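Here's the structure we're looking at; comments come further down.
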Amino acid sequence: MGNGIAHVFAQNDFSVSLVDINQEQLEKAVRSINKNLDRQIAKGAITEEIKKSTLANIVMQTDIGTGVKNASLVIEAATENEALKLKIFKQIDDAAPSDCILASNTSSISITKIASATRRAGSVIGMHFMNPVPVMKLVEVINGYATKKDVTHMVVDISKKLGKIPCVVNDYPGFIANRILMPMINEAIYSLYEGVAGVEEIDTVMKLGMAHPMGPLQLADFIGLDVCHAILQVLHNGFGNSKYAPCPLLTNMVAAGYLGIKSGEGFYSYKEGSKEMIVSERFRTD
Ligand SMILES: NC(=O)c1ccc[n+]([C@@H]2O[C@H](COP(=O)([O-])OP(=O)(O)OC[C@H]3O[C@@H](n4cnc5c(N)ncnc54)[C@H](O)[C@@H]3O)[C@@H](O)[C@H]2O)c1
């Protein structure tokens, strides 16, 4: 996500410091940005000059302090782990200029809690980009309990400058995107678990019947079943309502390491280099 966010800012003339503690991840990020810019050139969406200026707008850093010291906006997109994010926000708060806005790309961790790790809760906000960032139009802008109105306005304006469409929501578990998406995915998994229909049938009903570009089980594989499981737990714990409890089939698949595309198998099997949709052997009914 970090490389996608850096890409869209750099392409829109912002100077970007891309920070990761892992040098290999930074090298991987440059390769991804290059590949995605080449894809945009092939489609006629941008020119070679824009590719050059985009790459020239990005500098790589492995030290957070150096990376944020002159920033007016920091967007954190580190691993989805609350303790890690609290630690990172404390570091950023210590190193960034006092008027710098601090945003998180978190999918589910409370912005209000993240803000409490800083001395500038009013300037902390959620900027939830969707994957893949250069393609997806939405930015879910999440107001923490203490976020100041002018900070929200600035983040809305910046999102528009990136060519995105911001939607402002409040900070409650799952915000809006995942509060609505994850119960749908969980219900699809329950339908499979209870034998109501097979993988292909569930996905086809939702694709053709609701005009969704992708079925919920395929989408879960793309997001990562561990990520879906973790977000459902945030909803379950946050609201204390059993309707959000992850389906036992999902819990089993995650415990067994069947995580979707990233592990090679989830509801579908993913062969290296192939885009063919093959239902996992475990869920075949023939
Ligand atoms: N993947 C998605 O589809 C998606 C969509 C929307 C939002 N998000 C959110 O974006 C964030 C990142 O997700 P991702 O899928 O890109 O994760 P990822 O695990 O692929 O990447 C996280 C990066 O953070 C780096 N990192 C870890 N600790 C760090 C530290 N202390 N300082 C600097 N860098 C550190 C890691 O080296 C890694 O490169 C998460 O909060 C996630 O919830 C992800």
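Name the pairs whose Cβ atoms lie under 8 Å apart, with the first residue in the stretch 65-85 and under 22 Å from P132 (Cα atoms), the second open to solvent by 40 Å² or more (accessible area, probe 1.4 Å) and within 12 Å of the ligand (Cβ to nearest atom), and 6 or more positions between them or separate chains?
If the second residue must be open to solvent by 40 Å² or more (accessible area, probe 1.4 Å) and within 12 Å of the ligand (Cβ to nearest atom), the pairs left are A77/M1; A78/L84; E80/V227; E80/A230.
Using beta carbons and a limit of 6 Å, which pairs, at least six apart or on different chains, have the first residue in the stretch 190-217 and farther than 15 Å from R282 by Cα and the second one assigned to a helix (DSSP H, G or I) and open to solvent by 60 Å² or more (accessible area, probe 1.4 Å)?
Final answer for the pair search is G215/K207.
Just checking, how many residues over the stretch 36-70 are within 16 Å of the ligand (Cβ to nearest atom) and farther than 17 Å from I88 by Cα?
Here the count works out to 4.
For the stretch 89-121, which residues satisfy the criterion of being away from the ligand (no atom under 11 Å from the Cβ), under 20 Å from the mean Cα position of the chain (by Cα) and assigned to a loop (DSSP other than H, G, I, E, B)?
Of everything in the stretch 89-121, just one residue is away from the ligand (no atom under 11 Å from the Cβ), under 20 Å from the mean Cα position of the chain (by Cα) and assigned to a loop (DSSP other than H, G, I, E, B), namely S110.
Of the conditions (1) at pLDDT 95 or above; (2) open to solvent by 60 Å² or more (accessible area, probe 1.4 Å); (3) out of contact with any helix residue (DSSP H, G or I) (no Cβ under 7 Å at 6 or more places or on another chain); (4) within 16 Å of the ligand (Cβ to nearest atom), N81 clears all except one; give me its number.
Of the numbered conditions (1) at pLDDT 95 or above; (2) open to solvent by 60 Å² or more (accessible area, probe 1.4 Å); (3) out of contact with any helix residue (DSSP H, G or I) (no Cβ under 7 Å at 6 or more places or on another chain); (4) within 16 Å of the ligand (Cβ to nearest atom), the odd one out for N81 is (1).
Rundown of residues vs (1) β-branched (V, I, T); (2) over 25 Å from K113 (Cβ atoms), yes/no style:
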{"residue": "D20", "(1), (2)": "no, no"}
{"residue": "K35", "(1), (2)": "no, yes"}
{"residue": "I41", "(1), (2)": "yes, yes"}
{"residue": "I46", "(1), (2)": "yes, yes"}
{"residue": "L55", "(1), (2)": "no, yes"}
{"residue": "D63", "(1), (2)": "no, yes"}
{"residue": "T66", "(1), (2)": "yes, yes"}
{"residue": "N81", "(1), (2)": "no, no"}
{"residue": "A96", "(1), (2)": "no, no"}
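Can you say whether K113 is over 30 Å from H236 (Cα atoms) and open to solvent by 70 Å² or more (accessible area, probe 1.4 Å), as far as the supplied structure shows?
For K113, the condition - over 30 Å from H236 (Cα atoms) and open to solvent by 70 Å² or more (accessible area, probe 1.4 Å) - is not met.
Condition check ((1) touching a Lys or Arg at 6+ places or on another chain (Cβ under 8 Å); (2) crowded, with 16+ Cβ neighbours inside 10 Å; (3) farther than 16 Å from A245 by Cβ) across all residues:
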{"position": "N186", "(1), (2), (3)": "no, yes, no"}
{"position": "I202", "(1), (2), (3)": "no, yes, yes"}
{"position": "M210", "(1), (2), (3)": "no, no, yes"}
{"position": "H229", "(1), (2), (3)": "no, yes, no"}
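Condition test on V59, is it open to solvent by 70 Å² or more (accessible area, probe 1.4 Å), assigned to a strand (DSSP E or B) and modelled with pLDDT of 95 or more?
Yes.
Assigned to a helix (DSSP H, G or I) and surrounded by fewer than 12 Cβ atoms within 10 Å (Cβ to Cβ) - does that describe any residue in the stretch 9-20?
Within the stretch 9-20, not a single residue is assigned to a helix (DSSP H, G or I) and surrounded by fewer than 12 Cβ atoms within 10 Å (Cβ to Cβ).
Taking V30, is it within 16 Å of the ligand (Cβ to nearest atom), in contact (Cβ under 8 Å) with a residue 12 or more places away in the chain, crowded, with 18+ Cβ neighbours inside 10 Å and aliphatic (A, V, I, L, M)?
In short, no.
Would you check which residues across the stretch 88-108 are touching a Gly at 6+ places or on another chain (Cβ under 9 Å) and surrounded by fewer than 19 Cβ atoms within 10 Å (Cβ to Cβ) and list them?
Matches in the stretch 88-108: Q91, D94, A95.
Of (1) closer than 27 Å to N81 by Cβ; (2) within 20 Å of the chain's Cα centre (by Cα), G215 satisfies all except one. Which?
(1)
Go through the stretch 171-184 and count every residue that is among the small types (G, A, S) and open to solvent by 20 Å² or more (accessible area, probe 1.4 Å).
1
The values are calculated or read from the model by the stated rules, or taken from the named source; none is laboratory data. The shown structure was predicted, so the numbers you read here are calculated from the model rather than taken from an experiment. Backbone-built Cβ (ideal geometry, glycine too); neighbour counts: all protein chains shown. Just so you know, the surface numbers come from the protein's heavy atoms only, side chains and all, with ligands and any DNA or RNA stripped out. Shrake-Rupley method; radii C 1.70, N 1.55, O 1.52, S 1.80 Å.
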